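Note sheet for the following structure.
The values are calculated or read from the model by the stated rules, or taken from the named source; none is laboratory data. No experiment lies behind these values; they were computed from the predicted model shown. When we count neighbours, we look across all protein chains shown, and the Cβ atoms used for this are built from the backbone with ideal geometry, even at glycine.
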């Protein structure tokens with residue numbers, strides 16, 4: 001696809017989510033103005049621009065980068081490919097070939113294997129209705145030869161181009177691996193082309209045509225690209241295959257080193273390459289038998305890479321300024337405020353406490369995996385009403401609906417219709433801004449993720465609690481030791497995405513007597529993968545079951561980055577109920593309802609939670625959908641692992657027929673997995689249970705819960721319940737279990 005120009009006047013990003021005192025964060029900015037822009041530091045307490053809420057609360061702070069910086073435009077280059085450097089081809093007869101699975105075969109100019117540049121060379125590419133084509137440099141310019149037959153979408157083909165500078169002949173062909181009767185999609189074409197210049201400058205592209213700004217990106221899978229000596233290696237059954245290893249020039253095997261960004265050449269020259277913009281690996285190839293679904297068990301059947309014209313893993317912008325977190329800076333949420341004329345942007349980041357003894361027993365776990373996975377989610381909501389509200393409230397006007405030049409979310413699709421399985425924070429993420437509106441919420445603010453999570457930070461500040469922040473990324477990297485000295489860990493609204501490391505750390509926190517307050521909904525639901533080979537990237541395979549924005553292809557449920565089985569944690573026998581007592585059960589529109597108090601609220605083991613709360617109806621108010629129990633709902637289920645001593649304190653009510661049960665609960669159109677009527681599974685359970693060694697868990701099972709904390713000046717039943725729990729969890733006395 002043509003590169004989408006960056007049309008946002010002022011935008012930026014940070015190279016990392018968080019830092020400790022003494023560590024440095026780099027900020028990358030694009031400003032299209034001729035004037036310098038200004039930068040300053042703020043501590044973020046509340047990011048809700050709704051005038052009916054607590055309002056935007058920020059504390060300005062001095063920073064060494066504060067001041068003006070020269071403007072310069074920086075753009076993102078979308079599209080994935082493999083680049084091989086210093087691969088010099090001699091002017092001899094060669095055949096270049098590959099097996100391909102095109103997903104947009106009607107799109108023109110899609111490079112398969114190319115070394116075409118100003119000095120010469122050739123490109124095997126897909127050219128829409130003309131099918132497999134070869135473009136070859138000559139002394140008179142560039143000439144093209146095409147088969148002239150379109151390819152089918154999502155079907156395997158062997159394609160080749162044979163170039164013979166000795167006889168001035170060029171041949172190109174395509175062969176359907178699994179022919180379909182009455183479909184004429186196999187053939188070849190030959191044409192005399194004089195004064196051939198097949199050498200090139202020594203740079204080979206796989207999945208793109210190339211160029212100074214790389215273009216001509218391929219959409220679909222490429223498998224077994226190779227270059228061999230000789231122009232007669234084009235028989236139908238042996239396209240591009242050398243009869244002896246002496247004839248091999250390059251033979252790239254994508255089934256090797258799958259978790260890395262390297263492509264391995266098994267030929268004699270060792271022309272190894274590097275993947276750019278992270279195309280999808282661990283993709284099943286043309287030889288996939290279905291006998292194994294894990295690529296680690298049958299790597300030779302996973303020798304394909306899926307390239308996309310809109311992949312993006314790292315913008316790679318130059319750094320404008322850095323910030324070394326000073327000693328003594330309070331742990332919390334921070335942001336760099338940028339301004340240039342009428343244009344503004346805000347880049348958030350998080351400051352961890354210094355290593356060593358903690359100053360507070362409270363830790364808030366910021367769900368940066370979820371932020372990354374939802375990054376630049378184009379929801380299709382940017383209409384006139386949205387723009388009017390954003391303008392009225394002073395919220396950011398740029399949305400992923402209107403600006404897709406920085407890639408989209410794993411909740412969106414690639415242009416070829418395949419699901420986006422990688423997301424990165426090393427790019428501008430428009431919906432991460434503190435005051436960003438996700439919806440026009442007629443009953444509240446319409447916030448999701450980081451802006452919504454400031455509802456909890458604001459409540460902690462308003463009630464005088466000291467707290468530290470750590471992120472998912474930090475917990476994944478450092479494990480249990482990061483949170484070992486905290487008595488209480490709190491989650492905000494939506495900790496949906498987790499790795500094995502983060503779940504293990506939280507499990508150990510509870511096993512060692514720690515307390516956990518899960519103040520959100522649909523948490524601990526999907527398994528994701530990270531790798532040092534792809535900094536800033538989170539991988540999600542949307543495998544069997546679950547409410548999914550898209551479904552992974554059969555046989556492609558295992559992560560490429562870590563080789564683990566992706567999909568729901570429930571499919572990995574770690575449903576959320578095992579950790580926090582509740583798990584995702586139902587979902588509806590962004591509407592909040594309320595809880596109804598249950599008999600468990602009067603259980604002597606939990607009655608203290610409702611001290612000073614005589615109300616039967618709880619949370620029929622709030623800034624998130626108008627109520628504390630809404631949008632995505634979690635329930636207790638003992639069969640799924642809710643501890644037997646779990647007490648249901650309250651259950652949500654009054655969800656209308658727009659709410660649906662999550663698909664993994666359905667066995668048939670009549671029967672659900674737990675055997676309850678579907679409508680009974682649409683509920684949020686507020687729950688409590690004690691663990692061994694004095695630990696405990698309090699869960700609310702609703703994404704909209706924290707939006708109710710500030711109602712009526714923080715004096716309400718949801719705020720009181722939360723304060724009762726936090727105060728008791730801070731008390732070292734054990735719980736009656």
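Only one of 288, 295, 271, 317 is in contact with a helix residue (DSSP H, G or I) (Cβ under 6 Å, 6 or more places away or on another chain) and modelled with pLDDT of 95 or more; which? Don't jump to the end; show me each part of the working.
Numbers: 295 fails: in contact with a helix residue (DSSP H, G or I) (Cβ under 6 Å, 6 or more places away or on another chain); 271 fails: in contact with a helix residue (DSSP H, G or I) (Cβ under 6 Å, 6 or more places away or on another chain); 317 fails: in contact with a helix residue (DSSP H, G or I) (Cβ under 6 Å, 6 or more places away or on another chain).
Sole residue among the options that is in contact with a helix residue (DSSP H, G or I) (Cβ under 6 Å, 6 or more places away or on another chain) and modelled with pLDDT of 95 or more: 288.
Please work out which one of (1) within 20 Å of residue 44 (Cα to Cα); (2) outside any helix (DSSP H, G or I); (3) in contact with a helix residue (DSSP H, G or I) (Cβ under 7 Å, 6 or more places away or on another chain) is the condition residue 455 fails and give its number.
So residue 455 meets the others, but not (2).
Let's see how each residue does on (1) in contact with a strand residue (DSSP E or B) (Cβ under 9 Å, 6 or more places away or on another chain); (2) without any contact (Cβ under 8 Å) to a residue 12 or more places away in the chain; (3) within 14 Å of residue 126 (Cα to Cα); (4) in a strand (DSSP E or B):
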| site | (1), (2), (3), (4) |
| --- | --- |
| 175 | yes, no, yes, yes |
| 180 | no, no, no, no |
| 184 | no, no, no, no |
| 191 | yes, no, no, yes |
| 213 | no, no, no, no |
| 218 | yes, no, yes, no |
| 223 | yes, no, no, yes |
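Determine whether residue 124 is assigned to a loop (DSSP other than H, G, I, E, B) and surrounded by 24 or more Cβ atoms within 10 Å (Cβ to Cβ). Reasoning before the result, please.
Details: assigned to a loop (DSSP other than H, G, I, E, B): no; surrounded by 24 or more Cβ atoms within 10 Å (Cβ to Cβ): yes.
Taking the combined requirement at face value, the residue does not satisfy it.
Looking at the structure I just gave you, is residue 555 in contact with a strand residue (DSSP E or B) (Cβ under 6 Å, 6 or more places away or on another chain) and over 16 Å from residue 373 (Cβ atoms)?
Details: in contact with a strand residue (DSSP E or B) (Cβ under 6 Å, 6 or more places away or on another chain): no; over 16 Å from residue 373 (Cβ atoms): yes.
Criteria not met by residue 555.
Rundown of residues vs (1) free of Cβ contacts under 8 Å to residues at least 40 places away in the same chain; (2) buried (at least 16 other Cβ atoms within 10 Å of the Cβ); (3) in contact with a strand residue (DSSP E or B) (Cβ under 7 Å, 6 or more places away or on another chain); (4) under 18 Å from residue 690 (Cα atoms), yes/no style:
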position	(1), (2), (3), (4)
585	no, yes, yes, no
590	no, yes, yes, no
593	no, yes, yes, no
606	no, yes, yes, yes
610	no, yes, no, yes
616	yes, no, yes, no
621	no, yes, no, no
624	no, yes, yes, no
631	no, yes, yes, no
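Among the numbered criteria (1) outside any strand (DSSP E or B); (2) more than 35 Å from the chain's Cα centre (by Cα); (3) buried (at least 16 other Cβ atoms within 10 Å of the Cβ), which single criterion is violated by residue 202?
Single failed check for residue 202: (2).
Taking residue 578 as meeting all but one of (1) in contact with a strand residue (DSSP E or B) (Cβ under 9 Å, 6 or more places away or on another chain); (2) within 25 Å of residue 736 (Cβ to Cβ); (3) surrounded by 18 or more Cβ atoms within 10 Å (Cβ to Cβ), write down the number of the exception.
Of the numbered conditions (1) in contact with a strand residue (DSSP E or B) (Cβ under 9 Å, 6 or more places away or on another chain); (2) within 25 Å of residue 736 (Cβ to Cβ); (3) surrounded by 18 or more Cβ atoms within 10 Å (Cβ to Cβ), the odd one out for residue 578 is (1).
Within region 105-121, restricting attention to residues that are in a loop (DSSP other than H, G, I, E, B) and at positive phi, which residue is surrounded by the most Cβ atoms within 10 Å (Cβ to Cβ)?
Of all residues in region 105-121, those in a loop (DSSP other than H, G, I, E, B) come to 105-109, 115-116, 118-119, 121.
Within this subset, residues satisfying the condition of being at positive phi are 109, 121.
On the way: 109: 17, 121: 24.
Per the criteria, the residue is 121.
Looking at region 595-604, which of its residues are over 19 Å from residue 659 (Cβ atoms) and touching a strand residue (DSSP E or B) at 6+ places or on another chain (Cβ under 7 Å)?
Step one: of region 595-604, the residues over 19 Å from residue 659 (Cβ atoms) are 597-604.
597, 598, 600, 601, 603 - these are the residues of region 595-604 that are over 19 Å from residue 659 (Cβ atoms) and touching a strand residue (DSSP E or B) at 6+ places or on another chain (Cβ under 7 Å).
If a residue must be at positive phi, touching a residue at least 24 places away in the same chain (Cβ under 8 Å) and over 19 Å from the mean Cα position of the chain (by Cα), how many such residues does region 253-310 contain? Write out each step before concluding.
Start the filter on region 253-310 by keeping residues that are at positive phi, which leaves 257, 270, 277-278, 282, 290.
Going one step further and asking which of them are touching a residue at least 24 places away in the same chain (Cβ under 8 Å), we end up with 277-278, 282, 290.
Keeping just the survivors that are over 19 Å from the mean Cα position of the chain (by Cα) gives 290.
Of the residues in region 253-310, 1 are at positive phi, touching a residue at least 24 places away in the same chain (Cβ under 8 Å) and over 19 Å from the mean Cα position of the chain (by Cα).
State the number of residues belonging to region 633-650 that are over 32 Å from the mean Cα position of the chain (by Cα) and buried (at least 19 other Cβ atoms within 10 Å of the Cβ). Write out each step before concluding.
We begin by selecting, within region 633-650, every residue over 32 Å from the mean Cα position of the chain (by Cα); these are 644-650.
Keeping just the survivors that are buried (at least 19 other Cβ atoms within 10 Å of the Cβ) gives 646-650.
Of the residues in region 633-650, 5 are over 32 Å from the mean Cα position of the chain (by Cα) and buried (at least 19 other Cβ atoms within 10 Å of the Cβ).
Looking at (1) over 17 Å from residue 724 (Cα atoms); (2) surrounded by 22 or more Cβ atoms within 10 Å (Cβ to Cβ), which one does residue 564 not meet, given that it meets all the others?
For residue 564, the failing item is (2).
Give the residues of region 143-155 that are crowded, with 22+ Cβ neighbours inside 10 Å and either assigned to a strand (DSSP E or B) or in contact (Cβ under 8 Å) with a residue 60 or more places away in the chain (or both), sorted by residue number.
145
Cβ contacts < 6 Å: first residue under 20 Å from residue 694 (Cβ atoms), restricted to region 476-500; second residue at pLDDT below 95 and surrounded by fewer than 21 Cβ atoms within 10 Å (Cβ to Cβ), any location; separation 6+ or different chain. Result?
As it stands, the answer is 485/358, since those pairs meet every condition given.
Strands (runs of 3 or more DSSP E) wholly in region 325-388 with at least 3 residues that are at pLDDT 95 or above and more than 26 Å from residue 695 (Cβ to Cβ) - which ones? Talk me through it step by step, then tell me what you get.
Working: elements: 332-340, 343-351, 362-366.
Fully inside region 325-388 and qualifying: 332-340, 343-351.
Are any residues in region 301-314 surrounded by fewer than 21 Cβ atoms within 10 Å (Cβ to Cβ) and either in a loop (DSSP other than H, G, I, E, B) or in contact with a helix residue (DSSP H, G or I) (Cβ under 8 Å, 6 or more places away or on another chain) (or both), and if so, which ones?
314
If we keep just the residues of region 447-466 that are touching a strand residue (DSSP E or B) at 6+ places or on another chain (Cβ under 9 Å) and over 29 Å from residue 590 (Cα atoms), which is surrounded by the most Cβ atoms within 10 Å (Cβ to Cβ)?
465
Suppose we filter region 254-268 for residues that are surrounded by fewer than 16 Cβ atoms within 10 Å (Cβ to Cβ) and farther than 20 Å from residue 296 by Cβ; how many remain? Break it down stepwise before answering.
First, the residues of region 254-268 that are surrounded by fewer than 16 Cβ atoms within 10 Å (Cβ to Cβ): 257, 262, 266, 268.
When the remaining residues are screened for being farther than 20 Å from residue 296 by Cβ, the result is 268.
Counting residues in region 254-268 that are surrounded by fewer than 16 Cβ atoms within 10 Å (Cβ to Cβ) and farther than 20 Å from residue 296 by Cβ gives 1.
In this structure, does residue 560 turn out to be within 29 Å of the chain's Cα centre (by Cα), at pLDDT below 95 and not in a strand (DSSP E or B)? Please lay out each step first, then the result.
Working: within 29 Å of the chain's Cα centre (by Cα): yes; at pLDDT below 95: no; not in a strand (DSSP E or B): yes.
Here the answer is no, as residue 560 does not meet what is asked.
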